[in-house]
Each structure stands twice: as C-alpha cells, then as structure tokens.
Amino acid sequence: MNLSIVVPIYNVESYLEACLSSIEPILSNENVELILVNDGSKDGSEDICYKYIDKISNNKQQTTNNKQQTTNNKQQTTNNKQQTTNNKQQTTNNKQQTTNNKHRTPNIKYIYQDNQGLSEARNTGIKNSNGKYIVFIDSDDFINCQVLLDFLSKDDIDMPDVFFLNAVKYDKGSVSYFGEDYQPEKILNQSKVEVLKGLCRFRKFPGSAWNKIIKRELIIREKLFFEKGIYSEDIEWSMRLFNAATTFSYLDGCYYYYRQGRKDSITGTVSEKSIKSLLYILEKNAEMEFNRDISSYLYSFLSYEYLVLLFIMTSKNIGCDADIKRRAYHLRFMLLKSNKLIYKLIFPIITLFGVDITGRILKAIRGNV
C-alpha cells in the first residue's frame, strides 16, 4: 500500500458526495486505501458513506466480471472442441467467484466514532492507515485526483518526507488564488534550509494539513498526531512537521479545491476559542528550541500567525480580556526573530501603541502585510 487517503467527516451531507466523487477515480488503484472517519455525524453523512462504499464495491465487481467474461469468450472461441469441458469448468469458476464475492471488500475503511473533533478523527485515520504515505482531505472540499495518480507513478526510491500540493479557493463554481505560490526550482533537489527560505516568500503560512503528502513513517516516528481540543490545529501540527521533516518535493497541477462560504465552518468563524487556540499555539512554539539554521524561517511563519491573531482580536463580536492582550503583547518578540524586515518593523508599532491599535492598523491595510 503506497497511499492512505484520510477523510474526517462531521455533518457535511451537503458536500460529502462531491468530495467522495472526486476521490473515486483513484480507488481502482490497488496501492491506494481510503479511510473514512465519521466523527459522530448527526446528519445523513453516514448514509452517503454507505451508498458510496456499495457503489465502489459494485463497480469493482462489475469490472472483475467483465474481465472474466472476456477471458471466457476468448477461450470459447479458441477451443470449441472443449466446449463441454469448459462449461463444466465455467460452472466451477462461477461457484468459486460467488464464494470470493462474499469475502471481497473494496479498499475502503469506514470507521465511526463518537464526536471528538477534527484532530482525533485525523488521528484515528493515521492509526488505521497502512500506506507508506498519508494525505488528508477535508470532507467539505474536493480534489483533482490526477495529481495523486501522478504521485503513485513515481519511482519508489529516495522518496522525500513531504510533497507540497497546490490549492485554490472554491466559491460557487469560481476559483481564486490561495496565497501559496510553489515554485518547483525552490523545492526540488533543494536543502531543507532553501525550501523553508522559499516558503517564506508566500503571503501566508502554508500551514494546512491537506496540501501535503506526508511519509507515514515520519508521522509515527515523530509522533506527529494532531492536538485535541484546539482550533487551528493544522498550524500547530505544521510547525512540528517542518521542524521534523528533512526532505521535500513538489507535485505540479491544481490539486485541492478549498470550499469557501460555509456558514458553519470553524475556519470561517472568529470566536473566543479560535483566539485562545491561536494564542496557545504561538506561546507553545515560542518556547521551542529550533535549529539555528531554520529558526528565522519558522519564526517568520509564527510571525504571520501572530499578525493574524492581532487582526482577529479586533473582531467586534469578541471582547478580549486584559490577560489575552497582555499575553499577545508579550509575544511581539517573535517578530524580531523573523527573517522578514516588514515583520521586524511592526515590532516598534506594537511596543508604542499596543495590540489593540496595531490590530486596527492591520485591518485597515489588510492584504499588504
């Protein structure tokens, strides 16, 4: 098994069919497994999963039967003298085929668990995976599976720890730039330092879990499981991934379609928990000892998320207490450890005016930082 596709599912009946349909073409490959983790959905997501599994199973059975029928037809044409013998053999084969059908299962695992959150759903997928590599797909998004087929065609020699994948924002049929502009020459055959240096050019931190294919051995060895009970878990996980991984590569082509406009989406909603989660992640990473040769690049990623924190703290529906503001103010030192001059220039602004006013300034110039 070369690739495990992990899809966490929770109350996404409106989008799940599109997600699964986009994965379907690759499931004819015997080196792929699909792991569906239903995290306690209360809508019709489970029924959609069952229908999908039945569909895939029936399609595979039909393909097997068609191949068997073609073989039998050729045999019948070639050897008419053995027709009686062949018919007896066909009867035997059919009986054997029926026996095999009872035990044949598609390369799909469906797992139901009580609701524990996105992190634990992904962790369940990891623990039940058998592939050399793992890729995550959120069940309200969809993919171009040709990119994964290209991955499977690669030589299985000197494969890297991480493959980067392209993504676009998808909103009611239209697509837009996601903010990550991977350049193959900045990644392919480059050292870890050069790869991270190149990633720092992006306007946003490439911290999503779903735009990467990761070596399972690395995940298990470095205990790269997702932290339970927080929002922005992808950011926390990606920081550990970048610190642990040593080799990187890139797959060309538009792969991931990140759905916009979901009113019930966690990532699209600012809440007290989202602010506290991001603050926690920044504080946790601020205490980490990064290798000196990559430290400034990782702090650039953290600095980007720090400015996001200041930005969302200005949301009208959220009242940040004095403790949150104090902790956020203390973390401004990360800007000075970044390799980006613009981040370093924001440090004195925060020092002089505080996090409230700086957050409003960032909101006013949104898109330029």
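Inter-label distance, residue 344 to residue 203: 2.4 nm, where each label sits 7 Å from its Cα along the C-beta direction. In this simple spin-label model, placing a label point 7 Å from the Cα along the Cα-to-Cβ direction at both residue 146 and residue 58 gives a separation of 2.9 nm. Here the Karplus curve 6.51 cos²θ - 1.76 cosθ + 1.60, taken at θ = phi - 60°, turns the phi angles of segment 299-313 into couplings of 5, 5, 4, 5, 5, 4, 5, 5, 5, 4, 4, 4, 5, 6, 5 Hz, with x standing for Gly and Pro. Couplings for segment 230-238, taken from phi via the Karplus curve 6.51 cos²θ - 1.76 cosθ + 1.60 with θ = phi - 60°, read 10, 8, 6, 4, 4, 5, 4, 5, 5 Hz in order; Gly and Pro are left as x. Check each of the trypsin sites (Lys or Arg not before Pro) in segment 322-369 and keep only those in coil by DSSP with at most 15 other C-beta atoms within 10 angstrom; list them in order. Answer by residue number: 366.
Taking amide H as placed 1.01 Å from N in the peptide plane, the amide H of residue 269 sits under 5 Å from none that are at least 5 places away or on another chain.
In plain terms, the chain from residue 228 to residue 352 could stretch by 41.0 nm, reckoned as 0.36 nm per residue minus the Cα-Cα distance.
Across segment 139-148, rounded Karplus estimates of 3J(HN,Hα) from the backbone phi angles (6.51 cos²θ - 1.76 cosθ + 1.60, θ = phi - 60°) give 6, 9, 10, 8, 10, 9, 6, 4, 5, 5 Hz, Gly and Pro being marked x.
Estimated from the Cβ-Cβ distance and a Förster radius of 22 angstrom, the FRET efficiency linking residue 252 and residue 217 is about 0.35. Taking 19 Å as the limit for the C-alpha separation, the pairs 42/273; 154/215; 51/228; 197/344; 154/204; 51/109 exceed it in the case of 42/273; 51/228; 154/204.
Dipole size of segment 181-301 about its Cα centre, with +1 on Lys/Arg Cβ and -1 on Asp/Glu Cβ: approximately 220 debye, rounded to the nearest 20. Site pair residue 42 and residue 317 shows an inter-label distance of 1.9 nm when each label is modelled 7 Å from Cα along Cα→Cβ.
Only the coordinates and a few stated rules stand behind these numbers; no lab work does. Predicted model, so just to flag it, every value in this text is computed and none were measured. Heads up, the Cβs are rebuilt from the backbone with ideal geometry, glycines too, and the neighbour counts pull from every protein chain shown.
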